[in-house]
Each structure stands twice: as structure tokens, then as C-alpha cells.
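Nothing in this text is a laboratory measurement; each read-out follows from the coordinates by a stated rule. All of these numbers come straight from a predicted model, not from anything done at the bench. Glycine also receives a Cβ, built like all others from the backbone with ideal geometry; neighbour counts cover every protein chain displayed.
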């Protein structure tokens, strides 16, 4: 496997994990599962923030997608979409 393909697959996996963790934070209300979801969210949030910053510093083409993922994670975790 080429190094660039492995890097892109890892990049996509980290972002999908972050979005899934943000969604689970809003969905879960039980004690242990909510703690697990919050732990995953708080672990992936700084990782995606660093990926966004490094992408902008090193002029990578996909850094706006990282910024969008970071924004979507924050909005999903903070905003209450219910009635």
C-alpha cells in the first residue's frame, strides 16, 4: 500500500470517528455509554483540531474539510435539535 493512500485512509477514519463520536454524545443518555461517547468525542476533538491546523500550515488541499468536520462536531455536540 502506498504511503499516501494509507495516510488518506487514516485521515478519513479519524474524521468519521470524530463525527460518529459527536453523534453518539447527542444520542446516548445512559451512564456508561454516555461516558464512553464523551471520552471518544473529547479524544478526537483535539486530534482533528491539530489536523486542521497542520493542514493549513503545510498548505494541504483537504484542510477545509477538516475544519468543516471540526465545526460539525462542535455544532452536533452543543446544539439541541429536539423539539
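Structure notes:
- Least to most buried among 66, 39, 32 (fewest other Cβ within 10 Å first): 32, 39, 66
- Equivalent ellipsoid, the stretch 4-83 (semi-axes from 5 times Cα gyration tensor eigenvalues, Å): 25, 13, 10
- Packing-based exposure ordering (other Cβ within 10 Å, fewest first) of 47, 5: 5, 47
- Using a Gaussian network model of the chain in which every pair of alpha carbons under 10 angstrom is joined by a spring, one finds that among 25, 57, 12 the greatest mean-square fluctuation is at 57.
- Look at 50, 24, 73 and count the other Cβ atoms within 10 Å of each Cβ; fewest to most, that gives 50, 24, 73.
- Pairs of alpha carbons in the stretch 38-78 whose separation is greater than 12 Å (percent): 56 percent
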